[in-house]
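Before any comments, here is the structure.
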Amino acid sequence: MSAREAILSALRASRTEVVAAPAHPAPVKQGDPVVRFMESVKAVGGQAYRVADDAALAAGMAGLPVWSAQRRASLVPGIDGTVDLEAVADPHELADLDVAAIPGEVAVAENGAVWVKGESLGPHRAVFVIPEHLVLVVRAADVVNDMQEAYGRITLPRPGYGLFISGPSKTADIEQSLVIGAHGARSCAVFVVG
Amino acid sequence: MIHHHPEKAKLFVLDDERAHWHDKALWFMRVKRDRAAATVPEWEQLRTAAEGIKLHTLSRLADYLEEFERKATANGIQVHWARDGEEHNRIVHGILEKRGVKKMVKSKSMLTEECHLNPYLEARGIEVVDTDLGERIVQLAGEPPSHIVMPAIHRKKEEIGELFHEKLGTPKGLSDPTLLTERAREHLREKFLQAEAGLTGVNFGIAETGGFVVVTNEGNADMGTTLPPVHIASMGIEKVIPRLADLGVFLRLLARSATGQPVSSYTTHFHAPLPGGELHLVIVDNGRTEMLSEAHRRKALCCIRCGACLNTCPVYRRSGGYSYSYLIPGPIGSVLGPHRDLAGHASLPFASSLCGSCTDVCPVKVDLHHQLLALRQEAGEEKLLPFGKRMGMKLASFVMARPALFRAGGKVARWVLRVAPGLARVGPGAVWLRGRELPEPPAESFADLYDREMNGKPEVKP
């Protein structure tokens, strides 16, 4: 008998009465989602900026100190970088990337998380974690109250990959002292457009 | 007996200053958890829903695992099944060997600790680097994790500085957490860039979509799965949940319970390999089906490994992770260990005050302190208690079954406590009295008081 059959048949042999799946509770809405989202981003160690439109976004990005670095990659339409990700054959070549700007699809007020779908990462998934700094761009209309609402909006089209990013990379593994910049981005700026 | 919890705990508390430091560090996490939970008005309903989803899934686990496998395979994920740790290790090694992998990076996975994967691979010439900072610290020190979320919680920053000096060549005397983390970042970045494969655990497998979720704060799982072309994920059978939307419930609970954060920094959903790469998923039983077959043990498999029960436990906080004989310490480990091997972990159900705090903070409502109590009874029935405790229990049940004897015994005890309190410390109660103050002996027993107040009997003069 294969391991698969052994495990499944052992489970079926012991199967008891099926317990019904419960309904999910309805979350209580707490204040203006965009305001709350910006507070949450700051609370998780990021910076949050609200801009009126794409022109203001471009101006805001230009004024961001990390965006003046040498090697920048942008996946945000209308924002230009200095590194052409399509021309990079191997993600290891991104090891010296200074900063990446990535568009988010959904933003979550309760925890500052931004959902980034795989196709927004371009040809290399590593682009969100390997650079020194990260800039995320979301639309105000895409801010939802909580994770339950977020999952109502998330789809998983090809390439079958996606993630929530909430603030910069961090650790508290040494005496619980919070240190920003463990393995991934050392800073995470989030622009809310609209 | 080397793994007797009280014996190990005794060594831990010898260093009084460190014991208090450890206690405070964990209580700090508990306080953060409370604050985070209080920001969610529907917290209790979320716990109930999370428990219900887990119990529902476990009651149909074979169906959900099949659905998960079918959809995952359609997504291009290669699914493997392992009956036990040995089979899991063999499968992982086979995948690595086929591609000539000599260097692998690994993010946190308690399952691979359970399977003893690292020594298995190292014995076969493969370098395995744990990349979670806490895990890397304990790996460099040659120790197992002492906490499931904060593996190096027992180590002071000066000791970590010394360890890094010795193993990574950092300047002597470094103890600033920011500087130490920076050195670890440089050291591990090199390892990430050299790795030919990355291994991760799995926080949730989603039957509906055939993908899985891995959660980290450091981004180490992400570095390890976006650079090397081969990703292997190890998952216990109990990690599957029915629907993508169920994550909305679990992710609202997980990080808040674990570290008091509203969510972890990176919550990555894997539904396909890297373009041109390979994604393997190893589904592991290793004793879980057996635990599922018994109704009273099943609930322990709802655990989502947040560590909240460790942080709140007065015994864990004051005895440290290494006092526990099972690889997962604290209340959940004291349930899981004895469920697997009661004789091997017979002291663990007693490593609890049964205060119930673990049950109260558990995000999926595992009835931890009830299970610990039931395991004590089981240990008693299996004659696994030490001689003193066994005799003490026998004596207690003999006396308590005989009211007259009980009353007389009480009288004697009150008299002894008054005239020669030192005697109590040499009798069979001596062990229990170690480190405890003796109470003032009451003038009368509760039964005397009751008789006097309710039945008008005269006061008993001592």
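The values are calculated or read from the model by the stated rules, or taken from the named source; none is laboratory data. The structure presented is a predicted model; accordingly, all values stated were derived computationally and were not measured. Neighbour counts run over all protein chains shown; Cβ positions are idealised from the backbone, glycine included. These area figures cover heavy atoms from the full protein model, side chains too; ligands, DNA and RNA do not enter into them. Shrake-Rupley method; radii C 1.70, N 1.55, O 1.52, S 1.80 Å.
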Quiz item: Considering only B:L117, A:S68, B:G410, whose Cα is most displaced toward the positive end of the charge dipole of the protein assembly as shown, charges sitting on Cβ of Lys, Arg (+1) and Asp, Glu (-1)?
Solution: B:G410
Practice problem: May I ask you to give the average projected area over all directions of the convex hull of the Cα atoms of the stretch B:387-455, in nm² rounded to one decimal? | Solution: 5.4
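When the Kirkwood radius is taken over all Cα pairs of the stretch A:32-193, what Stokes-Einstein diffusion coefficient follows at 10 °C and 1.306 mPa s, in µm²/s?
The Stokes-Einstein estimate is 100 µm²/s.
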Quiz item: Taking Cα centroids, how far is the stretch B:272-315 from the stretch B:134-160 in Å?
Solution: 22
Practice problem: Could you tell me which of B:L46, B:A9, B:P262 has its Cα farthest along the dipole of chain B towards the positive end, charges placed at Cβ (Lys, Arg +1; Asp, Glu -1), taken about the Cα centre? | Solution: B:A9
Quiz prompt | Hull volume in cubic angstrom per residue (convex hull over the Cα atoms of chain B) | solution = 174
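How much of the DSSP beta bridge set in the stretch B:34-289 is antiparallel, as a percent to the nearest 5?
Roughly 25 percent of the beta bridges in the stretch B:34-289 run antiparallel, per DSSP.
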Quiz item: Which of A:V35, A:V88, A:V18 moves the most in a Gaussian network model of chain A with Cα springs under 10 Å?
Solution: A:V18
Exercise. Using only Cα atoms, tell me the angle between helix B:387-400 and the longest principal axis of chain B; keep it within 0 to 90° and round to the nearest 10.
Key: 50
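I need the trypsin sites (Lys or Arg not before Pro) found in the stretch B:152-218, filtered to DSSP loop residues with at most 12 other beta carbons within 10 Å of theirs. Write out the running numbers ahead of the final one.
Values: sites: B:R155, B:K156, B:K157, B:K167, B:K172, B:R183, B:R185, B:R189, B:K191; in loops: B:R155, B:K156, B:K172.
Passing both the DSSP loop test and the Cβ count: B:K172.
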Exercise. Of the options B:P442, B:M400, B:W432, report the single residue whose Cα projects farthest towards the positive end of the charge dipole of the stretch B:387-455 (beta-carbon charges: Lys, Arg +1; Asp, Glu -1).
Key: B:W432
Practice problem: Output the antiparallel fraction of DSSP beta bridges having both residues in chain B, as a percent to the nearest 5. | Solution: 25
Quiz prompt | Candidate lysines - alpha carbon under 27 Å from B:K383, same-chain residues fewer than 8 apart omitted | solution = B:K8, B:K10, B:K299, B:K394
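State to the nearest 20 debye the size of the charge dipole of chain B about its Cα centre, where the only charges are +1 on K and R beta carbons and -1 on D and E beta carbons.
Dipole about the Cα centre, nearest 20: 1180 debye.
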Self-check item: Translational diffusion of the stretch B:34-289, µm² s⁻¹ [Kirkwood Rh, Cα pairs; Stokes-Einstein; 4 °C; 1.567 mPa s]
Solution: 68
Self-check item: For the stretch B:82-97 and the stretch B:221-251, distance of Cα centres in Å
Solution: 19
Exercise. Compute the long axis of helix B:246-258 from its Cα atoms, compare it with the longest principal axis of the Cα atoms of chain B, and write down the angle in degrees, 0 to 90, nearest 10.
Key: 60
Quiz item: Build a GNM of chain A with springs between Cα atoms under 10 Å: which of A:A23, A:A69, A:A13 gets the top mean-square fluctuation?
Solution: A:A13
Quiz item: Which percent of the accessible area of the stretch B:387-455 is formed by carbon and sulfur heavy atoms (probe 1.4 angstrom)?
Solution: 69
Quiz item: How many nm is it between the label spots at B:H116 and A:A43, if each spot is 7 Å from the Cα in line with the beta carbon?
Solution: 4.5
Exercise. May I ask you to derive the relative contact order of the stretch A:32-193, considering only C-alpha pairs under 8 Å and at least 6 residues apart, and to give it as an integer percent?
Key: 29
Practice problem: Skip the ligands, DNA and RNA, and give the accessible area per residue of the stretch B:387-455 with a 1.4 Å probe, whole Å². | Solution: 79
Practice problem: Per DSSP H run of n ≥ 4, the term is -39500 (n - 2.57); total these for chain A, divide by its residue number, and report the mean residue ellipticity at 222 nm rounded to 500 deg cm²/dmol. | Solution: -5500 deg cm²/dmol
Quiz item: lysines near B:K108 by alpha-carbon distance under 16 Å, same-chain residues fewer than 8 away left out - which ones?
Solution: A:K170, B:K191, B:K239
Quiz item: With labels modelled as points extended 7 Å from the Cα through the Cβ direction, what inter-label distance (nm, one decimal) is found for B:E378 paired with B:N455?
Solution: 4.3
Exercise. Specify the angular offset, from 0 to 90 degrees and rounded to the nearest 10, of the alpha carbon long axis of helix B:157-168 from the longest principal axis of the alpha carbons in chain B.
Key: 40
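Determine the shielding of peptide B:341-353 by partner chains: average, over its residues, the number of Cβ atoms on other chains within 10 angstrom of each Cβ.
Counting Cβ atoms of other protein chains within 10 Å of each residue's Cβ and averaging gives 0.
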Quiz item: Share of antiparallel DSSP beta bridges in the protein assembly as shown, in percent to the nearest 5?
Solution: 30
Practice problem: Take the Cα radius of gyration of the protein assembly as shown and divide it by 2.2 N^0.38 Å, with N its residue count; two decimals is plenty. | Solution: 1.06
Self-check item: Gaussian network model of chain A, Cα within-10 Å springs - most flexible of A:S169, A:S14, A:S68
Solution: A:S14
Quiz item: In debye, nearest 20: dipole of the stretch A:32-193 around its Cα centre with unit charges on the Cβ of K, R (+) and D, E (-)?
Solution: 160
Quiz item: Regarding the stretch A:56-147, what is the average projected area of its C-alpha convex hull, in nm²?
Solution: 6.1
Quiz item: Just the accessible area per residue of the stretch B:101-175, please: how many Å² with a 1.4 Å probe?
Solution: 36
Quiz item: Residue-wise, which Karplus ³J(HN,Hα) couplings in Hz belong to the stretch A:114-129, taking 6.51 cos²θ - 1.76 cosθ + 1.60, θ = phi - 60°, and x for glycine or proline?
Solution: 10, 7, 10, 7, x, 5, 6, 8, x, x, 10, 4, 4, 4, 8, 10
Self-check item: Cα gyration tensor shape of the stretch A:4-124, rounded if a/c is under 1.5, else prolate or oblate by comparing a/b with b/c
Solution: oblate
Quiz item: Separation of the stretch B:381-449 and the stretch A:126-186 by C-alpha centroid, Å?
Solution: 58
Quiz item: Under 30 Å from the Cα of B:K457, which lysines turn up, not counting those fewer than eight places away in the same chain?
Solution: B:K411
Practice problem: Give me the accessible area buried between chains A and B, both sides summed, with a 1.4 Å probe, in Å² rounded to the nearest 100. | Solution: 6700
Quiz item: For chain B, what does -39500 (n - 2.57) per DSSP helix run (n ≥ 4), summed and divided by total residues, give at 222 nm, in deg cm²/dmol to the nearest 500?
Solution: -16000 deg cm²/dmol
Quiz item: For the protein assembly as shown, with only Lys/Arg (+1) and Asp/Glu (-1) charged at the beta-carbon, what is the dipole magnitude about the Cα centre, in debye rounded to 20?
Solution: 2180
Practice problem: Before anything else, pin down the relative contact order of the stretch B:316-462: Cα pairs under 8 Å, at least 6 apart, normalised by residue count, whole percent. | Solution: 12
